Structures are given as structure tokens and as C-alpha cells.
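Okay, structure first, notes after.
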Amino acid sequence: MEGASTYRAVHAVSPGRLELTEKTLQAPGPGKVRIRVEACGVCHSDSGTVEALFPIEWPRVPGHEVVGRIDALGSGVQGWAVGQRVGVGFLGGSCGYCEFCRYGDLVNCRNQEYTGINHDGGYAEVMIAKSSSLMSIPDSLSSVGAAPLLCAGLTTFSALRNVPAKAGELVAVVGIGGLGHLGVQYARQVELARKLGAHHYIDNAATDPAEALQTLGGAKVILITASGGKTVAETFKGLRPGGVSIVLGVGPEPIEVSAMDLIFGSRKLEGALTGDPATGDATLRFSALSGVSAMIETVPLERAADAYATMMAGKARFRIVLTMD
């Protein structure tokens, strides 16, 4: 498609409906870059666009685990070069001037746009992105391998990197799916918890997970990648005093924990969305150095609707990545 004035994309045209289309190539505006996409992960959060759970304008191209090469720079872009391989995650780029940005909290930027929601994402051969959203892809990671690390990997790594667990303490990962199977690897590799790793498996359908965790001494950290308020409540009692449950999975159920379980033992309940681009860079470097990788099924772009349906039906055990070949 080099030199072509159009490119292929798969966009959502109504709730639940994805269609392959041709779009006209556009030049990037100020502060933005144009990316020739090489791979894009299919993430459950894409349902926010496809099922219209977020307020979007139709049609909209989903996808926020995007890897490709810059092929054009908008005015004012510094620090990035044509030909450089970059990644774009869920965060569409911070403004740099709001209250949260000024305090260094880029994740909660008041003017943050979200990739594949407020603007077109990576289910396409070409994508426009703000330069402030970009992450640098290590040469040792393939584009397909890097794609899931930009959301699933970044979310779990960011949540775990500053947890209070020390070597030898119990870190529990709830839900061994797209996020969870990466969370286990990061928990096993991160220096603070590397002596533990995934030494135990608890089937919450067969036993009380909180009791099982307490039998093991209580968890210092519980990383909850599965959605559901009931799951959070059932495992919260498995924390040791001073422990923290970090919720990554989003669902409609309210989270109910008793004041007794929260206060006695000074336990904590936190939510974590994702990480900023610097943490994304760290996620990618760490993954490349430690060998952490997603289990991936690749699907060509023109079959994106099938890939999305497979993911939503729960038939994709871990991660699906769209390729543009």
C-alpha cells in the first residue's frame, strides 16, 4: 500500500457491527504522527466502542494495542522520527497543561482522549496519533508480540511495579485470561516477588478462595484481572493485614466489602486503569529482558469482526492480534 491514497480499516458502524472499509489517507496535524500499523491487539475494552458503551461518533475504528512505524510527522513533533517503530495504548495523549499533568499524573489528564473511542484506533493499516501518546518498541520485540503489552501488559505491570510485596510474600492473581496470564509472569519476574512465582493454583469453584489464601498465610497483594464485584469481595478476606486488592477488571456489579474486613488489618482496595507512556516504555523493556510474553493468535485485518466475536464469546484463551499483511 506504499504510495496509496487510501488504506483499509475495520470500523464500527452501529452497536455490535464491524465492517471493512477504505479510508482516505490524511496528513497528521500539529503535535501528531501518522503510523503505518503493523499489528493491533484485540482487547475486551474494544467492546466499549463496538457496543457503544462509551459515547462515540459513528463510524469509529476501534483498537488500542497498536504497533507500527511512523511515516509522517505533524508540525511541532519532537523526539520522534520517520521510520521509528512505536506503540499506542489506551491513553490517546496527555495535554501537558492541566492540573493533573502539572503534577505528573498523565493517566488522569483532564483532556485525555482515548484511542479507538475519541478518535480512530488501530483496526486499520494507518492511524493518526498524538506524539504524547507514543511508546518506543524495543528492537528485540516483534510487532505482534509487543501489541498486547501496550494495554494488557502495561495495565498489569503498572499495577504490580509499586506494590508493597517483598520477596517471598504471597501475590495472588485472580483470573488467568488475557490480563491474568501476563500478571502471573510479571509477579513471578518482578524483583519484589520473584522468589514466589506461580506456586499455587486455587479453583474458586471448588473452594473458598479467601480461606485458601489465608491457609497459605494471606496475600500481600491480590491482582484482580477478572470482572465482577462478587469476585473482589470473595477474595478480599484473603488479604493479610496491610495487604491490597488491585482491581483491573471492569464490570457492572458493585463491589461490596465489609468495614470490618477493611479496617481491621488496615487492608486496602484500589483500582488501576493503565500506565503513562514512560511506564509503557518500562513495560516493553522489562518484557524484552525477562521474556514475559502474551500467548497470541494472529488474525488478518479483514477478519477483525470474527476476531472480535471470538474474543467476546470467551473463545480466545488469551490474546488475539490483528496483522496487516
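The values are calculated or read from the model by the stated rules, or taken from the named source; none is laboratory data. Model, not experiment: these values are computed from the prediction. Glycine gets a Cβ as well: all are built from the backbone with ideal geometry, and neighbour counts include every protein chain shown. All accessible areas refer to the heavy atoms of the entire protein, side chains included, with ligands and DNA or RNA removed. Shrake-Rupley method; radii C 1.70, N 1.55, O 1.52, S 1.80 Å.
Summary table below
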{"item": "Where a residue in segment 46-67 is in contact (Cβ under 8 Å) with a residue 24 or more places away in the chain and its partner, wherever it lies, is of a type in the set (D, E, K, R), with Cβ under 6 Å and at least six apart", "result": "T49/R60; V61/D120; P62/D46; V67/E38"}
{"item": "So G177, is it within 16 Å of the chain's Cα centre (by Cα), modelled with pLDDT under 95 and of a type in the set (G, A, S)", "result": "yes"}
{"item": "Number of positions in segment 150-162 that are touching a Gly at 6+ places or on another chain (Cβ under 6 Å) and either within 27 Å of V82 (Cα to Cα) or open to solvent by less than 10 Å² (accessible area, probe 1.4 Å) (or both)", "result": "5"}
{"item": "Matching helices (runs of 4 or more DSSP H) fully within segment 242-319 where at least 1 residues are farther than 22 Å from A219 by Cβ and in contact with a Pro (Cβ under 6 Å, 6 or more places away or on another chain)", "result": "277-290"}
{"item": "Criterion violated by V67 - all others in (1) assigned to a loop (DSSP other than H, G, I, E, B); (2) within 30 Å of G16 (Cα to Cα); (3) touching a strand residue (DSSP E or B) at 6+ places or on another chain (Cβ under 7 Å) satisfied", "result": "(1)"}
{"item": "Matching entry among G83, G79, G93, G16 (being surrounded by fewer than 19 Cβ atoms within 10 Å (Cβ to Cβ), on the phi > 0 side of the Ramachandran plot and under 22 Å from the mean Cα position of the chain (by Cα))", "result": "G16"}
{"item": "Some residue of segment 279-294 being surrounded by fewer than 16 Cβ atoms within 10 Å (Cβ to Cβ) and closer than 20 Å to C43 by Cβ", "result": "no"}
{"item": "Only one of A165, A147 that is open to solvent by less than 10 Å² (accessible area, probe 1.4 Å), of a type outside the set (V, I, T), over 25 Å from Y97 (Cα atoms) and assigned to a loop (DSSP other than H, G, I, E, B)", "result": "A165"}
{"item": "Residue within segment 115-123 that is over 22 Å from E51 (Cα atoms) and polar (S, T, N, Q) present", "result": "no"}
{"item": "Residue in segment 229-238 that is small (G, A, S), under 19 Å from S158 (Cα atoms) and open to solvent by 10 Å² or more (accessible area, probe 1.4 Å) present", "result": "no"}
{"item": "V299 being at pLDDT 90 or above and either open to solvent by 70 Å² or more (accessible area, probe 1.4 Å) or at negative phi (or both)", "result": "yes"}
{"item": "Restricting segment 203-223 to residues that are in contact with a helix residue (DSSP H, G or I) (Cβ under 6 Å, 6 or more places away or on another chain) and under 18 Å from L160 (Cβ atoms), the residue that is surrounded by the fewest Cβ atoms within 10 Å (Cβ to Cβ)", "result": "A219"}
{"item": "Residue within segment 27-49 that is over 13 Å from S131 (Cα atoms), open to solvent by 40 Å² or more (accessible area, probe 1.4 Å) and modelled with pLDDT under 95 present", "result": "yes"}
